[in-house]
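*Asks:* First the structure, which I've put down as structure tokens, then a few questions once you've had a look.
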Amino acid sequence: MFTFSSEQDSVSRRCVWVNGPVIVGAGPSGLAVGACLREQGVPFVVIERSDCIASLWQKRTYDRLKLHLPKKFCQLPKFPFPNHFPEYPTKRQFIEYLELYAKHFDINPQFNECVQSAKYDETCGVWRVKTSSPNGFEVEYISQWLVVATGENAERVVPEIEGLKEFGGEVIHACDYKSGKNYKGKKVVVVGCGNSGMEVSLDLSNHGAQPSIVCRSSVHVLPREICGKSTFELAMLMMKWLPLWLVDKILLILAWFILGNIENYGLKRPSIGPLELKNKHGKTPVLDIGALEKIRSGKVKVVPGIKKFSCGTVELVTGEKLEIDSVVLATGYCSNVPYWLQVRQCHIPSGTFFNNESEFFSNNGFPKAQIPNNWKGKSGLYAIGFTRKGLAGASADAINIAQDIGKVYKEDLKQKKQKVPTHRRCISTF
């Protein structure tokens, strides 16, 4: 890695040439591709806007969180979980694993650097990634490759709900929720009935709160385990021998025997099976770890969609009004790629703007290509963690990306050595 500073403003700006790829994001996806590149002998730079690795896990998750899948489906490439970790590691254990992972592969991200823009310079055939830090320092990284590892959950989604600003009570997103200990005796509306919404409702109930969970649309709820075996693992095993539609049928029958008919509790099932729904729309089924029992007992109330909020009150689409103290928005996350990846420059009379709809990324921040071909774009652009297949999908992407870049990198290195046989070449591994 070579650095060039501006003579006029050497304190606040510099330009860095990176011999390998620039990886944006130091979450599990960024760490995984960094580790695989390290194994290939390819240098790289990881840029992270926060002050730590896996900031989503460290700073934007609730305390009781555990991995919903067995650890063997969540480990990153070339480094298994420690044997003494339980089948479903806790949040703290998973963070410990990621820190061990980064140390093992000598991954040292550039922390507190937020990417302002990344665009491809067609004239020079390189990517230009501009970052800024809280102290005003600016860096431009120049590289032949750009790996987008910011993933599916980079930014919180906050819906526009009538009257929410006039509600007057506490309104937080699930990423700011830590524990229900401060909500004892309070009436809390949890907006969203996915895995986060269900688990937040469970935690609130366990701490003596009175949660109501908003279930506006249909949702699949499956037991986390069936006969002592992970439901996910069982599904993957059946998929080797049976068609997807039949596996869905079997899962739903087993779920009905174990959990009963969830529609009796105000939860509507989708018209298509859980695996088909995940493949087509990316919607993950809820893996129940106790919330359904709370719903059955009445300790967690299921309510339909919200019409509007007013001071201390929420009105449902049925016309019913509930007096509440707090609102937790378990409304999910989205990709932030369209905000900084500039792929096509357009000219208009009033100036220049960037159209972020490209051949590779769409305006929703996800690659357009279908799985399993959505990890590679053109001009050295790659994406990891956008498969909607969790950590296992990110691991597969990491291996593919590192092998692809490694092949080109080693060929370039070989050609350069042949051109200058009498000189010793030094390639930084940063």
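The values are calculated or read from the model by the stated rules, or taken from the named source; none is laboratory data. As the structure is a computational prediction, the values presented were derived from the model and not from experiment. As a convention, Cβ positions derive from the backbone with ideal geometry for all residues, glycine included, and neighbour counts pool all protein chains shown. Note: accessible area is taken over every heavy atom of the protein model, side chains too, but ligands, DNA and RNA are not part of it. Shrake-Rupley method; radii C 1.70, N 1.55, O 1.52, S 1.80 Å.
*Asks:* Out of everything in segment 126-154 that is in a loop (DSSP other than H, G, I, E, B) and among the aromatic types (Phe, Trp, Tyr), what residue ends up being most open to solvent (accessible area, probe 1.4 Å)?
*Replies:* Step one: list which residues in segment 126-154 are in a loop (DSSP other than H, G, I, E, B), which gives 133-137, 144-145, 149-154.
Subset that is among the aromatic types (Phe, Trp, Tyr): 137, 145.
Working: PHE137: 54, TRP145: 8 Å².
Taking the candidates together, the pick is PHE137.
*Asks:* While we're on this one: Among the residues of segment 282-304, which ones are over 20 Å from THR231 (Cα atoms) and of a type outside the set (A, V, I, L, M)?
*Replies:* As a first pass, look at segment 282-304 and keep what is over 20 Å from THR231 (Cα atoms): 294-304.
Once the filter is applied, which keeps residues that are over 20 Å from THR231 (Cα atoms) and of a type outside the set (A, V, I, L, M), segment 282-304 yields LYS294, ARG296, SER297, GLY298, LYS299, LYS301, PRO304.
*Asks:* Follow-up. Check off (1) in a loop (DSSP other than H, G, I, E, B); (2) modelled with pLDDT under 95 for LYS165 and give me the number that stays unchecked.
*Replies:* Evaluating LYS165 over (1) in a loop (DSSP other than H, G, I, E, B); (2) modelled with pLDDT under 95 leaves (1) as the failure.
*Asks:* Let me ask something additional. Scan segment 29-53 for residues that are outside any strand (DSSP E or B), surrounded by 24 or more Cβ atoms within 10 Å (Cβ to Cβ) and in contact with a helix residue (DSSP H, G or I) (Cβ under 6 Å, 6 or more places away or on another chain) and jot them down.
*Replies:* The answer is SER29, LEU31, ALA32, VAL33, CYS36, LEU37, PHE44, ILE53.
*Asks:* Right, next: Where in segment 271-331 are the strands (runs of 3 or more DSSP E), entirely inside, with at least 1 residues that are open to solvent by 70 Å² or more (accessible area, probe 1.4 Å) and assigned by the TED database to the domain that holds GLU162?
*Replies:* 301-303, 306-310, 321-323
*Asks:* Sticking with this structure for a sec: Quick one: SER212 ticks every box in (1) touching an Asp or Glu at 6+ places or on another chain (Cβ under 9 Å); (2) of a type in the set (Gly, Ala, Ser); (3) surrounded by 15 or more Cβ atoms within 10 Å (Cβ to Cβ) bar one, so which box is it?
*Replies:* If we test SER212 against (1) touching an Asp or Glu at 6+ places or on another chain (Cβ under 9 Å); (2) of a type in the set (Gly, Ala, Ser); (3) surrounded by 15 or more Cβ atoms within 10 Å (Cβ to Cβ), just (1) comes out false.
*Asks:* Related question: Quickly run through segment 213-244 and pick out the residues that are charged (D, E, K, R) and in a strand (DSSP E or B). Give the derivation first.
*Replies:* The first filter runs over segment 213-244 and keeps only residues charged (D, E, K, R), leaving 216, 224-225, 229, 233, 240.
Once the filter is applied, which keeps residues that are charged (D, E, K, R) and in a strand (DSSP E or B), segment 213-244 yields GLU225, LYS229.
*Asks:* Give the residue, chosen from LYS229, LYS178, LYS184, LYS240, that is closer than 22 Å to LEU164 by Cα, basic (Lys, Arg) and not assigned by the TED database to the domain that holds LYS66.
*Replies:* Going through LYS229, LYS178, LYS184, LYS240 in turn, the sole match is LYS178.
*Asks:* What tally of residues in segment 182-218 results from selecting those that are farther than 22 Å from LEU56 by Cβ and either at pLDDT 95 or above or touching a Ser or Thr at 6+ places or on another chain (Cβ under 8 Å) (or both)?
*Replies:* Result for segment 182-218: 18.
Each row is one residue, and each column tells you yes or no for (1) open to solvent by 20 Å² or more (accessible area, probe 1.4 Å); (2) closer than 30 Å to ASP325 by Cα.
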{"site": "VAL221", "(1), (2)": "no, yes"}
{"site": "ILE226", "(1), (2)": "no, no"}
{"site": "LYS229", "(1), (2)": "yes, no"}
{"site": "LYS240", "(1), (2)": "yes, no"}
{"site": "LEU244", "(1), (2)": "yes, no"}
{"site": "ILE250", "(1), (2)": "yes, no"}
{"site": "TRP256", "(1), (2)": "yes, no"}
{"site": "ILE262", "(1), (2)": "no, yes"}
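*Asks:* Regarding segment 118-125, can at least one residue be identified that is out of contact with any Leu (no Cβ under 9 Å at 6 or more places or on another chain) and small (Gly, Ala, Ser)? Talk me through it step by step, then tell me what you get.
*Replies:* Let us first name the residues in segment 118-125 that are out of contact with any Leu (no Cβ under 9 Å at 6 or more places or on another chain), namely 121-125.
Restricting the remaining residues to those that are small (Gly, Ala, Ser) gives 125.
Checked segment 118-125: at least one residue is out of contact with any Leu (no Cβ under 9 Å at 6 or more places or on another chain) and small (Gly, Ala, Ser).
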